[in-house]
Each structure stands twice: as structure tokens, then as C-alpha cells.
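Every read-out reported here was derived from the displayed coordinates using simple, explicitly stated rules and does not represent laboratory data. Since the structure is predicted, the reported quantities are computational estimates derived from the model, not experimental observations. Cβ sites come from the backbone with ideal geometry, for glycine too, and all protein chains shown count toward neighbours.
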Amino acid sequence: MIHNVLLRGQRLLRLALFCLLSLVLMPTMANAADQDPAIAWDKIAAGAMVVDVRTPEEFAEGHLANAMNIPFEQVTEEFAKRGIAKDAPVVLYCRSGRRSSIAIEALVAAGYTQTYNAGGYQTLVEAQKTPAK
């Protein structure tokens, strides 16, 4: 009897671990396909909101035209505070794509459905279709 309970507990623990890993890894794997500057510029040209998730100091050194600066740690709170619709198309970028990936994971967890990780600022500038500021 105790043996059966332990086996059932182990199975439940494995299932819980699998589910947790799936939740952690799936957004990362989905974002791995992002970071194509051509797609990012197409989305921007179609009217997507542009969010630079770098620090205010990095933003001040240069950013894409019409980009708003929301540091990645504050993105979910700021989106909610500003009343940004959960289905609004949003393109996020940072220096390398890592912080924008973290920001997108937080936004997706909060229910935002139209996010795109544009990757790094310099890569976007080099492939740009609109002038940088």
C-alpha cells in the first residue's frame, strides 16, 4: 500500500516537473524564431507599437524613431498602467535580444498576444527602413 502511494507520488512529481519545464521553455523556444529585423520592420511599418526595453541611459544614447522606453523589468506593470490592449501589436528590442525576450515572456504570461522580439538595436539600425533618432 505505501509502495503504491510512493509510486503515485513519484509519477505526479514527474508530471509536475514536466509541466513546469514546458512552461519555462516554451516561451523561450517561441522567441528563438523571432529576431528577424525584416519582419520587425514590416510589423513597425504596419503600425506596431515600438518598445525599447533598455535602460533610460542606453535609450538616450540612441533609439528607433517613435520608440517608447520601458525598461524590461517594468514592462508588464507599465503596459497595464498605460492601458495597452492585450491584442495590440508590439515590437520590442534591446541591445542583444535577451532583455526583450525576458520582457516578451512576461507580457505573454500576462496575456499579451501580439508581441515580437526584434532583437538588438544595432541590428535593427543596420537593416532599418526608417531613420533612427
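In order along segment 47-63, the phi-based Karplus estimate (6.51 cos²θ - 1.76 cosθ + 1.60, θ = phi - 60°) of 3J(HN,Hα) comes to x, 4, 5, 10, 10, 9, 9, 6, 5, x, 5, 5, 4, 5, 6, x, 7 Hz; Gly and Pro are listed as x. Evaluating 6.51 cos²θ - 1.76 cosθ + 1.60 at θ = phi - 60° for every residue in segment 85-96, the Karplus couplings come out as 4, 5, 9, 6, x, 9, 10, 10, 8, 8, 7, 10 Hz, glycine and proline recorded as x. Please give, to one decimal in nm, the separation of the simple spin-label points placed at Ala110 and Glu78, each 7 Å out from Cα toward the Cβ. Placing both labels 7 Å along Cα→Cβ, they lie 1.0 nm apart.
Remark: the Glu57-Met1 segment gains 13.9 nm on full extension, using 0.36 nm per residue and subtracting the alpha carbon distance.
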